[in-house]
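Presented below is the structure to which this report refers.
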Amino acid sequence: MSSTDITINQDVHHPHEEHDHHHDQNFIEKYIFSQDHKVIAKQYLITGIAWAFIGGFLSILFRLQLGWPEATFTFLEPILGGWVENGKLNPEFYLALVTMHGTIMVFFVLTAGLSGTFSNFLIPLQIGARDMASGFMNMLSYWIFFISSVIMFLSLFLETGPAAGGWTVYPPLSALPQAIEGSKGGMTMWLISMALFIVSQLLGGVNYITTVINLRTRGMSMTKLPLTIWAFFITAVLGLLAFPVLFSAALLLIFDRSFGTSFFLSDIFIAGEALAHSGGSAILFQHLFWFLGHPEVYIVIMPAFGIVSEVIATNARKPIFGYRAMIGSLLGIAVLSFVVWAHHMFVTGMNPFLGSVFMFLTLIIAVPSAVKVFNWLATLWRGNIRFTTAMMFAVGFVSLFISGGLTGIILGNSALDIQLHDTYFVIAHFHLVMGAAAFFGMFAGVYHWFPKMFGRMMDDKLGFVHFWLTFVAVYLVFMPMHYIGIAGFPRRYYAWTGFEVFNGFTDMNMFISISAILGFSAQFIFLFNFVYSIFRGRKTTLNPWHSNTLEWTTPVNPGHGNWPGEIPAVYRWPYDYSKPGAVEDYIPQNVPFSQTQSSNLPQERDFE
Amino acid sequence: MITFAIVLSIVLLFVILFLLFRIGTLASIFRGSSERAPGTTKTSNRVNSTLLLLFLVGGGAAFIWSFADSWEGMNLPVASVHGTWTDSLFWTTMIVIGIVFAITQVLLFYYSYKYQHKDNKRAYYYPHNNKLEIIWTMIPAVVMALLVFAGWKTWTKITSAAPESAVVVEVMGKQFNWMVRYPGQDGQLGVSKTTLIDATNEFGIDFSDPSAKDDFIPNQIHVPVGKPVLLKIRSRDVIHSVFLPHFRLKMDAVPGMPTSFWFVPTKTTAEMRTETGNPDFNYELACAELCGRGHFAMRFMLVVDEPAEYEAWLAEQKPFVEQNPGVMAKFATEAPQDLALDAKPGEKAEEDKTEL
């Protein structure tokens with residue numbers, strides 16, 4: 001046998017007899033209360049997309065105010081009713097808008113929409129499992145998320161408006177109904193919604209972890225897992241450890257709001273009255289909130305790390321460079337993400353020594369992040385890059401992650417944070433690194449796995465237009481925000497024209513708002529492409545990207561149970577692209593090794 | 001009419017997208033490119049990789065231009081000693097991350113262009129290189145260690161205890177205003193309690209405490225240039241944040257937990273007016289922590305005087321009790337009870353001081 005006659009063998013191995021025992025399902029079982037992870041993933045995705053448009057629209061509303069603070073917008077009156085008077089946005093509603101935008105985007109889109117979609121869709125398919133460990137719990141996690149999101153949505157229709165204390169809901173503002181309109185019913189609904197959301201995340205997370213640990217197919221050792229699965233697995237662990245702390249904070253806040261306790265309240269005079277609270281600490285809430293809040297940043301971005309690693313390797317037709325270092329850096333980031341939370345609190349008056357410790361830990365987390373960037377660059381080096389839409393978004397992700405990640409080094413330095421804290425520099429930093437970059441990871445994932453989800457392809461040309469408009473708009477929005485942030489321009493300001501020091505940024509703010517409108521409008525191209533392609537897109541082949549991972553060994557439209565016969569066994573790592581001696585430039589994980597061909601040697605040999 | 005125009009625009013947009021989609025699909029079928037593996041068509045690869053390179057060049061140029069153009073606006077004149085340290089550290093860090101930014105972005109876009117797909121090419125099988133990975137792990141680690149050390153030194157100096165000689169000013173945040181109190185001739189702020197707050201006594205000062213008698217409450221902050229100033233910060237309702245951008249000063253005002261920040265102003269208001277060429281220049285105090293409806297309007301003025309001017313201003317100030325004689329009436333009747341509760345008001349004041 002010559003060294004060039006190795007061809008892709010898509011035959012499945014038959015380690016054990018496994019059968020699909022799923023019974024016939026009616027419409028409701030199949031599409032509404034489905035326990036099939038693929039259907040649940042699509043439910044998460046479609047709900048996430050809907051929320052993304054709502055959250056994005058809210059940001060456009062407040063960018064109108066920020067871009068043209070002196071203008072009147074009478075056309076908003078039919079949409080927003082009493083929240084707009086004589087064409088002017090109500091200042092309190094402005095705060096509700098920024099609060100809801102942040103909450104929706106962070107939790108409902110970038111946590112549930114991103115992690116919920118791809119963890120659900122890919123974990124069983126890529127590890128070779130019929131479904132999640134508990135299909136029922138999985139279904140429950142989606143529906144609890146859905147209910148929580150409906151509660152949040154309904155708060156928009158309260159007379160006193162939704163929560164308006166920022167997405168971080170710091171007490172006493174959030175604890176005292178007399179402090180702000182948005183601390184009345186809106187805040188109660190926010191807390192109920194978040195409590196349910198956390199329950200949903202925990203149900204999902206337990207399922208992901210259990211599935212990855214227990215249901216891997218034969219041969220799928222942890223060191224043969226695609227980086228997507230590693231990322232989803234570690235993300236689930238982060239969520240499992242961090243979310244309960246926010247749950248406790250929310251619970252204590254409910255007690256302070258409703259039952260007269262003083263966990264976060266102390267010595268307050270408000271609305272003409274000295275309150276009876278004493279002994280509590282508002283800063284305690286911040287510790288609890290950011291104990292979730294910072295890992296949450298990585299809960300958002302880690303799935304994108306995994307997706308982008310997969311998309312770059314597949315489309316560069318190269319093994320991901322430094323597979324083990326990539327896993328190590330994910331683990332390093334995960335551990336460190338739990339010990340950096342107080343960098344959000346450098347100017348709260350906490351002990352300065354604590355500030356020094358958290359500065360040290362925060363800047364150290366840049367090291368594993370840098371390793372990831374260098375490894376992605378090394379993967380591109382001497383590749384044979386296919387520019388699919390997914391790949392464009394993956395390249396865009398790396399660019400945005402570099403830009404946003406680097407400014408984190410400045411904010412992590414406590415002395416520098418004094419000037420920049422709560423300014424637009426922070427907004428620009430986190431929107432680049434965990435907003436736009438995470439979105440780009442999500443888009444890369446949607447474009448890449450759309451054929452597996454719906455059996456059809458999304459249109460690449462529309463995808464490219466979508467990418468370029470979005471990519472350019474993101475930089476046009478967030479680069480100028482750094483400039484005004486350096487000058488100290490504060491976030492969450494309804495208007496700044498009363499301050500001489502901030503009054504010089506009118507043009508810049510208008511520019512940012514126009515760019516934001518451009519970026520938001522471009523998302524309708526995606527929406528059109530997505531919806532149209534589900535029904536009328538070009539039909540896909542079994543493995544359209546010539547990828548190595550197991551999901552591409554299922555039928556084009558896999559049923560519940562994923563593989564009609566037995567689950568394939570795994571022999572290789574997932575990144576055997578362009579292996580010397582192989583006929584094709586990819587060798588799927590389920591292709592057995594030959595005893596004679598060097599190209600078929602186990603990848604472990606490469607690490608000797 | 002406007003609503004109709006917006007709806008019509010959206011419909012037209014969708015029609016255009018639909019046509020683009022159909023034309024694109026038909027064209028790809030006509031060219032035969034629909035038969036090729038996705039991402040391998042010459043046009044899309046050439047166009048996208050070239051656009052990526054153009055983005056690097058054009059975007060880089062736009063970034064440099066906009067950065068330079070915004071330089072003056074983003075660089076507020078600095079007016080405190082520690083502000084010069086943090087500015088210096090900021091721009092040093094910016095240079096470091098700027099170099100990394102340039103190298104990584106150039107490599108990303110250049111590789112994307114250079115290694116675009118070619119039919120007769122195979123990618124280089126290069127799964128790892130331990131030496132390389134160790135090198136590019138160590139370099140960021142060392143750079144971060146240096147930045148940590150520089151930051152720690154600066155942070156330690158900024159957050160050290162204020163000198164004994166510091167001018168003390170109490171700043172209190174409330175919805176939606178700042179109020180300031182000076183300790184008067186005795187240099188000691190009187191005890192204050194939330195329960196004593198009313199329409200006149202907004203600080204809740206306990207005027208049965210002797211050290212409160214000479215406290216005064218001006219409507220502007222005045223501080224002397226070149227002398228350390230200690231801001232004792234508190235809030236009476238929700239969290240606010242004292243932000244003085246020209247001094248690179250920010251510290252939260254937390255109800256129930258006094259905080260502090262000390263600084264040395266280096267330029268008088270008059271000097272800043274000359275430096276900025278703006279005869280109306282004033283140092284402004286803003287609120288940086290979301291505190292409710294009027295958050296954006298919490299503006300307060302700070303004036304940096306020459307020492308002699310400051311002393312003159314100080315001499316003009318009248319104690320709050322002199323300006324509001326009625327406020328003492330309450331304490332005349334309530335004082336025994338309050339004193340009984342506090343037992344030793346002097347000790348209470350000292351306790352307040354040590355908390356800070």
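With the convex hull drawn over the C-alpha atoms of segment B:183-322, the volume per residue is 124 Å³. Interface residues of segment A:467-490, defined as those with an accessible-area decrease of at least 50 Å² between the chain by itself and the complete set of protein chains (probe 1.4 Å), are A:468, A:483, A:486. Across the alpha-carbon atoms of segment B:120-184, the computed radius of gyration and Dmax are 26.3, 85 angstrom. Spacing of the modelled spin labels on residue A:259 and residue B:8, each 7 Å from Cα toward Cβ, amounts to 6.0 nm.
How charged is the neighbourhood of residue A:500? Take every other residue with its Cβ under 13 Å from the Cβ of residue A:500, and add Lys/Arg as +1 and Asp/Glu as -1. Every neighbour counted, the sum reads 0. Heavy atoms of the protein chains alone define the surface here; on that basis segment A:266-422 has 20 Å² accessible area per residue at 1.4 Å probe size. Ordering B:327, B:96 by accessible surface, largest first, gives B:96, B:327; the 1.4 Å probe counts only protein heavy atoms, with every chain in place. For segment B:146-234, what relative contact order do you get, as a whole percent, if you take Cα pairs closer than 8 Å and at least 6 residues apart? Relative contact order, segment B:146-234: 34 percent.
For chain A, the fraction of 1.4 Å probe accessible surface lying on carbon and sulfur atoms is 66 percent. Taken over segment A:248-304, the convex hull of the Cα atoms encloses 91 Å³ per residue. For residue B:250, the lysines whose Cα falls under 19 Å of its own Cα, not counting residues fewer than eight places away in the same chain, are B:153, B:157, B:174, B:227, B:232, B:267. Here's the list of lysines a cross-link from residue A:38 could span, going by alpha-carbon distance under 22 Å and ignoring same-chain residues fewer than 8 apart: A:30, A:452, A:539. Using C-alpha pairs under 8 Å with a sequence gap of at least 6, the mean separation divided by the residue count of chain A gives a relative contact order of 19 percent.
Distance from the alpha carbon centroid of segment A:129-190 to that of segment A:539-558 works out to 38 angstrom. Per residue, the accessible area of segment A:458-563 comes to 31 Å² when a 1.4 Å probe rolls over the protein heavy atoms.
Between segment B:218-265 and segment A:416-434, the C-alpha centres lie 21 angstrom from each other. Distance between the pseudo-spin-label points of residue A:53 and residue A:541 (7 Å out from Cα toward the beta carbon): 3.4 nm. Long hydrophobic helices in chain A: the complete DSSP H runs spanning 30 Å or more by Cα along their own axis with mean Kyte-Doolittle hydropathy of at least -1.0 are A:37-67, A:185-214, A:227-258, A:282-316, A:389-411, A:460-486, A:506-536. Rounded to the nearest 0.05, the FRET efficiency derived from the C-beta distance between residue B:219 and residue A:518 at R0 = 51 Å is 0.70. Chain A packed on chain B takes about 10700 Å² of accessible surface away from a 1.4 Å probe, both sides summed.
Sort A:341, B:85 by accessible area with a 1.4 Å probe, largest first.
B:85, A:341
Between the C-alpha center of segment A:214-288 and that of segment A:451-519 there is a gap of 30 Å.
Note: relative contact order over segment A:52-159, using C-alpha pairs below 8 Å and six or more positions apart, is 22 percent.
Ellipticity at 222 nm from helices only: DSSP H runs of n ≥ 4 in the protein assembly as shown, each -39500 (n - 2.57), divided by the residue count, give -17500 deg cm²/dmol. Do any residues of segment B:225-253 show a loss of at least 10 square angstrom of accessible area between the isolated chain and the full protein assembly, using a 1.4 Å probe, and if so which? Those are B:236, B:237, B:238, B:239, B:243, B:245, B:246, B:248, B:250, B:251, B:252, which lose 10 Å² or more relative to the chain on its own.
Per-residue SASA remark: residue A:344, around 40 Å² accessible (1.4 Å probe; ligands, DNA and RNA not included). Semi-axis lengths, largest first, of the ellipsoid equivalent to the protein assembly as shown are 55, 29, 27 Å, with √(5λ) applied to each eigenvalue of the Cα gyration tensor.
The values are calculated or read from the model by the stated rules, or taken from the named source; none is laboratory data. What you see is a predicted model, and the numbers here were worked out from it, not measured in a lab. Ideal geometry is used to build each Cβ from the backbone, glycine not excepted, and the neighbour counts take in all protein chains shown. Note: accessible area is taken over every heavy atom of the protein model, side chains too, but ligands, DNA and RNA are not part of it. Shrake-Rupley method; radii C 1.70, N 1.55, O 1.52, S 1.80 Å.
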